[in-house]
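Since every read-out is calculated from the coordinates, none of them should be taken as a lab result. Keep in mind that what you see is a predicted model, and the values were worked out from it rather than measured. Here the Cβ is made from the backbone with ideal geometry for all residues, glycine too, and neighbour counts use every protein chain on show.
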Amino acid sequence: MDDAIKIRILQGDPVIHDVKNVQLPSRYRGLPKIADKKCPDKCTKCIDVCPTNAIRLNPLSIDLGLCIFCPLCEEYCPEKIIHFTQDYRLVVDKKEKLLVTKDTKFISPDIASEKIRKYFGKSLKLRQISAGGCNGCELELNALSNVNFDMGRYGIEFVASPRHADGIVITGPITQNMAKATEICYEAVPNPKIIILFGACAISGGVFKSSEAIQRKFLEENKIDLYIPGCPPHPLTFINGLLDWLDKK
Amino acid sequence: MKSLEVQNNQLFDKNSIPYLNKNEFRNSVLDLLAKGCRMISLTPVDKKEPQKIIAVLADSSSSTIHIIGGDFNGVNLEFESWANEFPQTNYFECELSENYGYFPLNHPWLRPVRKQNIILGNQPYHFFKLEGEEVHEVAVGPIHAGIIEPGHFRFQCHGEVVYNLEINLGYQHRGVENLFLQSNSDKRIILAESIAGDTTIGHAFAHCNAIESLYNTKLSLRAEIVRTIAAEIERIAMHLSGLGGISNDIGFALPASAYGRLRTLAINSLAAICGSRFGRGLFVYGGVRYDFNEEIINAVKNNLSIVQNDVSQITDYLFSSVGTLSRFEETGTVKKELAKDIGLVGLAARSSGLEEDARIQFPYSAYRYNPISMITLSTGDVFARARLRALEIEESLRFIFDQIENLPQGEIKSEINTLKTNAGVISIVEGWRGEIVHIAFTDEKGNLSNYKIKDPSFNNWYGLSLALRETGISDFPLCNKSFDLSYAGHDL
């Protein structure tokens, strides 16, 4: 018993109390900022190096659904126009809002409909489906329940059965071999239900987009409620996205 | 016996591989297996020419890798299986058969590796089935109860006791090996980082070692040490995660949550080094992208000092509990002989008393100058696999503190030029789970002609199957977590 108390004292107070204002390490790559500067003539360096074709020119934009937050475009840009900030609030509710341009200062989801907030505002149970996720996203989702992030305090939790869930969180590009299981799992969730896409692979296929082994029909046929960009997204990105969306303080 | 002998990461000429006819090929491989070599790959050198294959065998005692070619041109793709004498080859044969249409004759158990609903030897595949009174079958997955990757498990039980567990994978297959051939150099590293997200550094390490050999690039000692420090932090983080998971699976909440807190410190150290909690973006061809400065060194040291101080107390607390020991000891046992026969690698092999650690037997990068100790335990049960994690955390911490205090000066990135043509390389790295193998070949234009990856999970899933024999089915989650294998790494 004494030992248990010793271990408990060692734990201290590890909880991140203010999840909205955390200073992440200086090398962390969050929301990219595009400076209001003109690109050099005919320069396509950022486009050439981007491993997921997330960048478009005229005007210069980055699609956060494709972006895997590698530092290549920032590294290759001769004018330092693209710069990754430490802003970890990246969640949006509509695909169009994933596009970052020079006018983007910050991004956030619209507040969910009154019905969603009424049903899920105080308690949201989610079933996670790994459909080709490499275990990076899965580990970050698991980390949400640890003593540091402790997402349960906001009434948001992961459950074992889709029957107990209010929605699904998909990780991975959805492989052919998981396409059917993903569908069955979603069908097993009672209405009303939501779909959250966690990570670049789930949102766009990410680095696996061109692979023949993936099958993304499910995503075309169903309405997506939240997009969580990242590779993998930081746990704080997920928490803040849900708190903003459900309009919780 | 003809074979090409190379060292880990040694560049060799593709044309120096001796190609033997079917029978000689079989016998030469058999000879090496009989001498105690372990198969690490069975694959064509060129995807466009699947009739010519190589068997790659590692001899841990002499740090040598043997490559034997088999030429099946003009003959049918059937060959006599080695698996009846050497069970370790059976899964490699299944993989070769599934990918390239080879057929191992008299194979003890030809089964699908990654494909679903396949036809093997003119018959659809059926799961192994136990019949008799009071036997029953339990099917689990692909989607499991927690936030974990998908896979399907079939238990054949009599009462509570498992007689056979068949593990059916492939749900995670993303076609990674093919993507390697289609991708440019920047994207290849990112792909390597995404093979198994929990082994980002392990796979990036193996990939960069392989490609740098093909570039014929030498790294600065500083870059190599930064890499090995990152690799050991990954090992610490995942071992902490494993110990937390194992504690959780026996319902012991306090150590589970305490290990979880320490894991955050370990992965936040990686975030301090390169911005990603999993080490993404750290590796570039020729070295590392981010250097250590005083601020980073202090951040890493502060975090890991807390881990060092707390982990021993938490581990003592966990392992001094009678409840823990009664669940851990003699649960999910894989004995040494069995482990050797089926070719277990890494953590699982060392827990069963096998000396298998690529950092020591096939030393690479900074491990060539700064050795790490081989730690083995003998019981091969959940206890050994959990305890070994705790011991390896201590050793990795010692290694990191040694290295980080004495970082040599130097550039962190060397220049690279072009890939050697018609060349090949075998790269072995000890990830936190065990031996990672990346094999790369180039064609006459210097493009990759084949890229073959073996995650340690490929060897070890069968170990989990056998660990479950005559074990209560309720111990499955605990046994599973004690192996903690990768689905994505197996399915690629």
In Hz, Karplus ³J(HN,Hα) per residue of segment A:17-30 (6.51, -1.76, 1.60; θ = phi - 60°; x = Gly, Pro): 6, 9, 6, 7, 10, 10, 8, 7, x, 4, 8, 5, 10, x
Sequence-distant lysines (8 or more away, or on other chains) whose Cα lies within less than 24 Å of residue B:301: A:6, B:413
Karplus-derived HN-Hα couplings along segment B:313-320 (A = 6.51, B = -1.76, C = 1.60, θ = phi - 60°), whole Hz, x at Gly and Pro: 5, 5, 5, 4, 4, 4, 7, 8
Relative intensity, log₁₀ I(q)/I(0), of segment B:4-113 from a Debye sum that treats every alpha carbon as a point, q = 0.16, 0.17, 0.18, 0.21 Å⁻¹: -0.68, -0.78, -0.87, -1.20
Unpaired by the 4.7 Å Cβ criterion, cysteines found in chain A: A:39, A:43, A:50, A:67, A:70, A:77, A:134, A:137, A:185, A:201, A:231
All Cα pairs of segment B:78-191, percent lying beyond 19 Å: 61 percent
Partners for residue A:37 among lysines (Cα-Cα distance below 28 Å; same-chain residues under 8 apart left out): A:45, A:80, A:94, A:95, A:97, A:102, A:105, B:187
Computed E for residue A:103/residue A:220 - FRET, C-beta separation, R0 41 angstrom, nearest 0.05: 0.90
Label point at residue B:2 placed 7 Å out along Cα→Cβ; residues across segment B:15-41 whose backbone nitrogen lies under 11 Å: B:17-22, B:24-25
Largest-first principal axis extents of the Cα set of segment A:32-88 (Å): 31, 20, 19
Overall dimensions of segment B:337-492 as given by Cα atoms, namely Rg and Dmax in Å: 18.4, 57
Simple label model, 7 Å out from Cα along Cβ direction - residue A:26 to residue B:322, nm: 5.5 nm
Share antiparallel - DSSP beta bridges, segment B:4-113, percent rounded to 5: 75 percent
Segment A:1-77: projected area of the alpha-carbon convex hull, averaged over directions, in nm²: 8.3 nm²
Calculated FRET efficiency for the pair residue A:48/residue B:49, C-beta based, R₀ 35 Å, to 0.05: 0.65
Viscosity 0.692 mPa s, 37 °C: Kirkwood-radius Stokes-Einstein D of chain B over Cα pairs, µm²/s: 142 µm²/s
Cβ crowding within 10 Å averaged over residues, with B:431-442, B:221-232, A:22-33 ranked highest first: B:431-442, B:221-232, A:22-33
Residue mean of other protein chain beta carbons inside 10 Å, A:207-214: 6
Furthest towards positive pole of dipole, A:108, B:311, A:207, structure part the protein assembly as shown, Cβ charges: A:108
In sequence order, calculated HN-Hα J values of segment B:333-350 (Karplus, 6.51, -1.76, 1.60; Hz; x Gly/Pro): 7, 10, 6, 4, 4, 5, 4, 5, 4, 8, x, 5, 10, x, 3, 5, 5, 5
Cα-centre dipole for segment A:32-88 with unit charges at Cβ (Lys and Arg positive, Asp and Glu negative), debye to 20: 140 debye
20 Å Cα-Cα reach of residue A:249 towards lysines, excluding residues that sit fewer than 8 places from it in its own chain: A:20, A:115, A:118, A:122, A:125
Stokes-Einstein translational diffusion, segment A:114-245 - Kirkwood Rh over all Cα pairs, 0.890 mPa s, 25 °C, in µm²/s: 166 µm²/s
Shape of segment A:108-159, Cα gyration tensor, a/c cut at 1.5: prolate
Amide H partners (placed H, <5 Å) of residue B:10, local residues excluded: B:426
Of every Cα-Cα pair in segment B:176-456, the percent that sits beyond 33 Å: 23 percent
Label-to-label distance, nm, for residues given as residue B:185 and residue B:293 (7 Å Cα→Cβ offset): 2.7 nm
Three-way shape call for the protein assembly as shown based on the alpha-carbon gyration tensor, with the a/c threshold at 1.5: rounded
Modelled FRET efficiency - R0 25 Å, residue B:130 with residue B:337, Cβ distances, 0.05 increments: 0.50
Within the protein assembly as shown, percent of DSSP bridges classed antiparallel, to nearest 5: 75 percent
Partner chain coverage, peptide B:233-240 - average Cβ within 10 angstrom: 0
